[in-house]
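Take a look at the structure set out below.
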Amino acid sequence: MEGSLPLAPGQSVDDAFDRLEPLFRQTGTTRERSGDTLSFRKEIQAAQDKMAVFDGGVLRIEEDAPGLMLRYRLASRALLFCFLAPLLFLAFAQATIVLGKFEKARTEAKGKKPEVKKPPVVLNPIDKALGAPEPDPPKKKGKKDEDDKKPSPTPGYVFAGIFAALYAVGRILEDRRIKALFRKSLLGT
């Protein structure tokens with residue numbers, strides 16, 4: 001995730017990094033500052049860490065036309081997984097379709113088994129004497145019953161959609177949230 005944020009007029013590079021420093025004083029976070037660049041890496045993010053979504057990144061302060069500008073590039077494995085998960089679930093859905101076609105071809109190659117007529121169920125004479133109702137004849141398997149047994153790619157598509165939505169929402173929300181967090185830290189409010 002990349003972005004930029006203008007610094008307050010008169011704010012120096014050292015002052016800006018000093019204000020951002022508390023964000024990187026978390027357990028499992030290593031940071032290195034050299035001149036106008038701060039790089040960080042997070043090993044195990046705590047849930048309380050405001051930047052827990054990001055695994056690492058580089059913050060650089062550069063001279064721009066109106067003044068100093070903070071430019072950042074952040075990496076997130078969680079967002080990467082949400083980006084790649086739909087591909088995995090789409091692959092599962094396609095594999096289900098292929099396996100369904102393979103199974104259908106295999107059953108057609110075997111041919112249909114001739115239907116064996118079962119003799120009607122005869123009611124026991126004691127049951128008949130006690131007035132028990134006649135048993136229902138066995139039901140034939142309908143087309144709907146066969147469709148229920150076939151594997152469906154729908155769950156794969158649903159999960160792909162869920163993870164794609166998570167990625168899109170996460171990408172937008174995290175971009176806004178990190179920009180607001182940096183702005184708040186730089187302005188000291």
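The values are calculated or read from the model by the stated rules, or taken from the named source; none is laboratory data. Fair warning: this is a prediction, and the values are worked out from it, not measured in the lab. We place every Cβ from the backbone using ideal geometry, glycine too, and count neighbours over all the protein chains shown. Just the protein is used for accessible areas: all its heavy atoms, side chains included, with ligands, DNA and RNA removed. Shrake-Rupley method; radii C 1.70, N 1.55, O 1.52, S 1.80 Å.
What longest range of the chain stays clear of loop-exposed GluC sites (Glu not before Pro) (DSSP non-H/G/I/E/B, at most 11 other C-beta within 10 angstrom)? Each step should come with its number before you reach the end.
On the way: sites that count: Glu43, Glu115.
My reading of the result: 116-189 is the longest stretch.
Sorting 48-57, 116-125 by their mean Cβ neighbour count within 10 Å, with the most densely packed peptide first, gives 48-57, 116-125. The length gained on full extension between Asp127 and Lys149, counted as 0.36 nm times the residue separation minus their Cα-Cα distance, comes to 4.3 nm. Amide H contacts for Asp64 (H built 1.01 Å from N in the peptide plane; partners 5 or more residues away or on another chain; cut-off under 5 Å): Met69. Once the 1.4 Å probe is applied to the protein heavy atoms, the chain comes out at 73 Å² accessible per residue. Dipole of the chain computed with +1 at Lys/Arg Cβ and -1 at Asp/Glu Cβ about the Cα centre; of Phe89, Ala109, Tyr72, farthest Cα towards the positive end is Ala109.
What shape does the chain have by the C-alpha gyration tensor, where a ≥ b ≥ c are the square roots of the eigenvalues, rounded means a/c under 1.5, and otherwise prolate means a/b greater than b/c and oblate the rest? Could the numbers behind the result be given before it?
Working: a/c = 5.14, a/b = 3.48, b/c = 1.48.
Note, shape of the chain comes out prolate.
Taking Lys and Arg as +1 and Asp and Glu as -1, the other residues whose beta-carbon sits under 10 Å from that of Val121 total -1.
Here the 3J(HN,Hα) profile of the stretch 42-47, calculated from phi with Karplus coefficients 6.51, -1.76 and 1.60 at θ = phi - 60°, is 10, 8, 10, 7, 7, 5 Hz, Gly and Pro shown as x. Helices that extend 15 Å or more along their long axis by alpha-carbon positions and average at least -0.5 on the Kyte-Doolittle scale are, among the DSSP H runs of the chain, 77-110, 154-187. Can you compute the FRET efficiency between Leu84 and Ser12 using 1/(1 + (r/R0)^6), with r the Cβ-Cβ distance and R0 = 41 Å? Round to the nearest 0.05. Given R0 = 41 Å and the Cβ-Cβ separation, E is 0.50.
Express the carbon and sulfur contribution to the solvent-accessible surface of the chain as a percent, rounded to the nearest whole number, probe 1.4 angstrom. Roughly 60 percent of what the probe reaches on the chain is carbon or sulfur.
Label separation (Arg71 vs Thr27): 3.6 nm, computed from points 7 Å beyond Cα along the C-beta direction. With R₀ set to 45 Å, the beta-carbon distance separating Ala165 from Asp136 gives a calculated FRET efficiency near 0.45.
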